[in-house]
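Here the structure is laid out as structure tokens; the discussion comes afterwards.
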Amino acid sequence: MKLLILVGLLCLSFAQHNPHFRHERTAIVHLFEWRWADIAAECERFLGPKGFGGVQISPPNEHIVLDSPWRPWWQRYQPISYNLCSRSGSEDEFKDMVTRCNNVGVNIYVDAVINHMCGTSGGAGNHSSCGSWFNAGNEEFPSVPYSSLDFNDKKCLTGSGGIENYSEIFQVRDCRLVSLLDLALEKDYVRGKVAAYMNMMIDLGVAGFRVDACKHMWPGDLDNVYGRLHNLNTTWFPSDSKPFIYQEVIDLGGEAISSSEYFQLGRVTEFKYGAKLGNVFRKWHGEKLFYTRNWGEGWDFMSDGNAVVFIDNHDNQRGHGAGGASIITFWDSRLHKMAVGYMLAHPYGVARVMSSYRWDRHFVNGKDQNDWMGPPSNGNGSTKPVPVNPDQTCGDGWVCEHRWRQITNMVIFRNVVKGQPHSNWWDNQSNQVAFGRGNRGFIVFNNDDWDLDVTLNTGLPSGTYCDIISGQKEGNGCTGKQINVGDGGRAHFKISNRDEDPFVAVHVESKL
């Protein structure tokens, strides 16, 4: 009997590792700070047709509204209640988005902020996205409701009440993260409120959650909450499907808390991935692209089945979190396209693409003083819609990296090569590498300061293929380079280091 119970628990936890992608899709896009109405439209007009598997959305909970600095992005991470009215839209707009995205096979993953409520400096009143009254100083949040009994003040033993030493496990998990009021998730009442919030969204049709700040919560408490979650809505998902859980745990090594403590609960964000690949593509610290022949677990990353991977995220593209200056973002678009292309071509992990907005950067002593800036906004502080230009890029300050042809086409590449092994590796012992995915796709990079000119075994069937980086297949022709694969799968590649995008990718569906 004990063995059966153990097997059942293991099956339950590993079910939470499954993103439930539909139609053989393989990638997530984070539409950071987008409005629900724009996400719904994007699912129908672009994400569904282009084969994206899901969208990570910004936290949908009622949050504090701060006028100084002007509506910063991080106010979304300071909950006031679990009402579904945020800067991105109303509860009705949230429901409409979930339904419309599901109807075109695009999953919704919610960024769930359950470690804390707003900060102690939040004051009192109704300056929140739904207009609910609260008093941060007295720890009163009547819209939940939470009171001072529901926070960890008495458990935290630091003088400040906040985390002072990241090498001390109890501080990290029982004290306040940057003055945010730390919820007592060990209490059954708090667990129930958090689970009810997540279940409300599961019942509406969301497919899972990116759980914020998991390092700051005890794994046992999270296990209890996850165990209370409903199965996914059978309107769109198979019966008995558990929500996909991927947990934010920043672990570059050297701290008291390890990402491995959370593996049994769901997938975990692998922050080493973007930090190390950034060093490789920047050629910093003596790193070379050919060193990535054993990319993935061979680089001391977590096991493939536990990892969610990304080049940058909303924190570290602003210099917060892990990775520092090595992180490659849209500000360095040439390297960003290459790094994202590498990630999407490689089989390791569940891949997430970042979609950003621009802000006015202002550096003082190497630090961006404007890293707080919220999304493109109207004069009243409301978030601007995302306009789509005739060339399919976005306007009004929205970057939309996921719409860049090179990244969109690599999402399609990842779908086409799904399940195929990493194969046919080639390198020049420097920064020119190539690899295939079985007999379904092949990619070649030139990150050296000289041209690449080489004939390689691609593993592909013979024929003429359209390069999906310089262009793509349209009708009976290619809008970019053509690659001719001869008998035996061999093809000649010529990539100048001066090319706009010094890499080439082909797959069986780009064959003429």
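The values are calculated or read from the model by the stated rules, or taken from the named source; none is laboratory data. A quick note: this is a predicted structure, and the numbers were derived from the prediction, not measured. All Cβ positions, glycine included, derive from the backbone under ideal geometry; neighbour counts span all protein chains shown. These area figures cover heavy atoms from the full protein model, side chains too; ligands, DNA and RNA do not enter into them. Shrake-Rupley method; radii C 1.70, N 1.55, O 1.52, S 1.80 Å.
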Looking at this structure, is GLY323 crowded, with 24+ Cβ neighbours inside 10 Å, touching a helix residue (DSSP H, G or I) at 6+ places or on another chain (Cβ under 7 Å) and on the phi > 0 side of the Ramachandran plot? yes
Has the range 86-95 got at least one residue that is among the polar types (S, T, N, Q) and within 25 Å of ILE407 (Cβ to Cβ)? yes
The range 456-506: number of residues that are of a type outside the set (A, V, I, L, M, F, W, C), under 20 Å from MET338 (Cα atoms) and part of a loop (DSSP other than H, G, I, E, B): 15
Need pairs with beta-carbon distance below 9 Å; first residue assigned to a helix (DSSP H, G or I) and within the range 183-198, second open to solvent by 40 Å² or more (accessible area, probe 1.4 Å) and polar (S, T, N, Q); sequence gap 6+ or separate chains. ASP188/ASN224; ARG191/ASN224; ALA195/ASN224
From the list GLU44, GLU91, GLU33, which residue is over 17 Å from the mean Cα position of the chain (by Cα), charged (D, E, K, R) and over 23 Å from MET410 (Cβ atoms)? GLU91
Evaluate the following for MET117: is it outside any loop (DSSP other than H, G, I, E, B), under 30 Å from ILE39 (Cα atoms), of a type in the set (A, V, I, L, M, F, W, C) and open to solvent by 20 Å² or more (accessible area, probe 1.4 Å)? no
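Conditions (1) open to solvent by 20 Å² or more (accessible area, probe 1.4 Å); (2) farther than 13 Å from ILE80 by Cα; (3) out of contact with any helix residue (DSSP H, G or I) (no Cβ under 6 Å at 6 or more places or on another chain), marked per residue:
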position: ASN126; (1), (2), (3): yes, no, yes
position: ASP150; (1), (2), (3): no, yes, no
position: ARG176; (1), (2), (3): yes, yes, yes
position: LEU185; (1), (2), (3): no, yes, no
position: VAL190; (1), (2), (3): no, yes, no
position: GLY205; (1), (2), (3): no, yes, no
position: ALA213; (1), (2), (3): no, yes, yes
Would you mind telling me which numbered condition in (1) over 29 Å from GLU287 (Cα atoms); (2) among the β-branched types (Val, Ile, Thr); (3) more than 31 Å from the chain's Cα centre (by Cα) THR455 fails? (1)
From the options PRO347, PRO375, residue that is at pLDDT 95 or above, of a type outside the set (A, V, I, L, M), in contact with an Asp or Glu (Cβ under 6 Å, 6 or more places away or on another chain) and assigned to a loop (DSSP other than H, G, I, E, B): PRO375
For the range 339-360, pairs from a residue that is over 20 Å from TYR109 (Cβ atoms) to a residue that is part of a helix (DSSP H, G or I) and at pLDDT 95 or above, with Cβ under 6 Å and 6 or more apart or across chains, are ALA339/LEU277; ALA339/PHE281; GLY341/MET410
